[in-house]
Amino acid sequence: MSQDLLDGSSEPSVRSDGELRSAVRSESVDGRDTVSIRTALSELVSHYSPVGSSDADVLVVPDTHYPYHPSTGLVTNPTVVHELVDLLDGEVAIGISGSASVDVARVGRYLGYERVADNQGIELVDLDDSANAERKIRLVGRTVNIEVPEPLLDSEVVAVPTARQSTEYGFAGGMITLARATVGAPSRDAVLATIRTCWPALTIVDATLTYADGPQRTGQILASEDIVAASRAAAELLDFSPEDAPHLVPDTVGQSAVESLLQRTPDGSSSDDSVMESGYRLYADLTGDLVPPQMLSGEGDE
Amino acid sequence: MSHTRVGILGIGHIGSVHLQSACAMEGVTVVAAADAESTNRAVAEELGVPRLYEDYAELLHHERLDAVVIALPPFLHEEAAIRAAEVGCDVFVEKPLARSTEEARRIIAAADDAGVALGVDHTLRYQSDVRALKAAYDDGRIGAVPLCHLARINSGPFDSPPAESPLPEWQLDPEATGGGAVMDLGVHLFDLLEWLFGDITVRHVELERQLHLDYEDTAAVVLKSSVTGTLATVHCGFYQWEEPPDVNMRLRLDGVTETIDRAEFVPEFYRHAGAAALRNAGKRLIGNDPDYFEPTYYYRAHFEALQAFLDAVAAGQDPPVDGADGLRAIELVEETYRMAEHDGIKRDQKTGLESKALSDGGDSR
């Protein structure tokens, strides 16, 4: 039975059925039973149709950072991916990425994705070996440059992370999975910039088996059109608070504004800006707004 | 006093144990070492090894040695051992002696032709807990042993979380290793069975893979001794996270009067390490050498194995664990693989990942 978990905190946006796009649905599932997994996924896929509709290019992106056994909950269960690609319409492919510890080709093979792709007659896309597109993304008070694998931009992305404790990020449940495709060990800014750039059409969190101080049979699959909401819901499912994982906490405008201001006048002395320019920069830092071109380089009017 | 001039070929994990051991042994001088990795060579440099080589063949060509220790990957054992024998070195090889019985026989033939000694580091024979268990059995304490169980399960080439080191390539290539968990871990246990009971044959084999690897990472083997009639079940695997000093190794003899288990003889690690450290500190205070690797009984076993080999060679005796022992263990590994093939359990069978109970690694057939 479907169950709304929470309303996410992204910008208000409502589906045609009146449900907030940031709502997170969950299905209980017996992770040992492929039929149970398929039934749960079928409910979710049909609810979120037309994601994966017949004329779409769909890229399914699971968590494949290391060849841990799927029973540990540290990587996405390939069975979930196998059933999901079978349920999706359109031109479906699976996009995988490795890490500093293991190259993408081997991790894909050891986790069984070569075989999943063969069985399903679909393409396995090595995101680490794909051409990248450069993007400059404005976050609050700063600009972040990232390189995004083109398949993430050219397709409807369906992120399928596991839900796991992470020594590096506190918790990983969706946003980290996607960001790792752009940078092997993404910073918080890279995570936020990636999500802004290639916001997935759908996030399905494989919480059949999860990892928090050891493997757990959690028995849930979560889904949302809002990857941030899905990540937070997965964190709460494992008793993590967003504060345990900095990427789940929204930028506090005041904090970044202060940091940005301090970078410009670290010793507290007056900048060369006029009073009006200083004021405008402070306004831009506080609100995330852009500055007029003549203020970009500090040079005068052209 | 003459010194045995030793060269160390391979300064990886176990190679560095042999290097340190040899550097500490009386009557032994490590004159050179070789490793393709500069970080490994740096270890030898810090230990004062005078000459270092990137290529072991260059070491053998340029150095005048009495003995070499071969701690290279298995795919290099044959070539390195034969080259070393041909230049007149006694050869001590890490297990497995070779990737196959064919390679092992060629190594043995080369050593025989050159008139040099050949030893194999079947370390478990030198582990204090295993020796204590064997002594209890040899003393007749438990009578005959109709059944016994041995197991060695670790994480193989994989890290437990968080995975921080690069996943090695050659260790996952059966062409380089000669096989999977049976070759790497089973070879230890098969050697122990031969040592304990003698004339072992393989009776039944089950091989599985928990990940989509090119070799088995899970094995269950039933063997029998025609000397004692003992039936042994052997488990070996590459799938379990391991945090030393806790190691998953089991050795249990179910005798007619009682059962003895290796666990009875394994020192409680931290208490043992602390006591050993204090003893060694006391020894140094009075100018004696410490008991090397004493706090870590499993590394101590490597020290004793190498010491026993070098002592035997110096005394003109056969090595206590020689090429024939190394060959025998590999014969049992190959018999295991042959039986698996014969029973239709191909090494490329589907893994537990594809069965209906995939996420719990259920039955793959």
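A short reminder: the numbers here are calculations on the coordinates, not readings from a lab. Everything numeric here is computed off the predicted structure, so don't read it as measured data. Here the Cβ is made from the backbone with ideal geometry for all residues, glycine too, and neighbour counts use every protein chain on show.
Below is a table of values for the structure above.
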quantity: For B:61, B:18, A:82, order by how many other beta-carbon atoms lie within 10 Å, fewest first; calculated: B:61, A:82, B:18
quantity: Residues of type aspartates and glutamates that residue A:136 reaches as a straight line, Cα spacing below 20 Å, ignoring anything fewer than 8 places off in the same chain; calculated: A:128, A:147, A:150, A:154, A:189, A:251, A:285, A:289
quantity: Diffusion constant of the stretch B:91-219 at 37 °C, which comes from Stokes-Einstein with the Kirkwood Cα-pair radius and 0.692 mPa s, µm²/s; calculated: 191
quantity: Loop-resident sites, the stretch B:126-177, for trypsin sites (Lys or Arg not before Pro), counting at most 16 other Cβ within 10 Å (DSSP); calculated: B:141
quantity: Kyte-Doolittle at least 1.0, axis length at least 20 Å by Cα - qualifying DSSP helices, chain B; calculated: none
quantity: Separation in nanometres of the label points that stand 7 Å from Cα toward Cβ, at residue B:341 and residue B:36; calculated: 2.7
quantity: Burial ordering of B:313, B:87, fewest other beta-carbon atoms within 10 Å first; calculated: B:87, B:313
quantity: For the stretch B:1-95, radius of gyration divided by Kirkwood radius, i.e. Rg to Rh on alpha-carbons; calculated: 0.92
quantity: Value in Å of the Kirkwood radius, where chain B supplies the Cα pairs that are averaged; calculated: 21.5
quantity: Percentage, to the nearest whole number, of Cα pairs in the stretch A:45-94 over 16 Å apart; calculated: 44
quantity: Gyration tensor (alpha-carbon) shape descriptor, the stretch A:126-231, a/c threshold 1.5; calculated: prolate
quantity: Helix-only CD estimate at 222 nm, as mean residue ellipticity for chain B, using -39500 (n - 2.57) per DSSP H run (n ≥ 4); calculated: -11000 deg cm²/dmol
quantity: Inter-site label distance for residue B:175 and residue A:150 at 7 Å from Cα along Cβ, in nm; calculated: 3.3
quantity: Footprinting exposure proxy for B:330, A:146 (fewest neighbouring C-beta atoms within 10 Å first); calculated: A:146, B:330
quantity: Environment charge at residue A:132 (Cβ cut-off 11 Å; Lys +1, Arg +1, Asp -1, Glu -1); calculated: -4
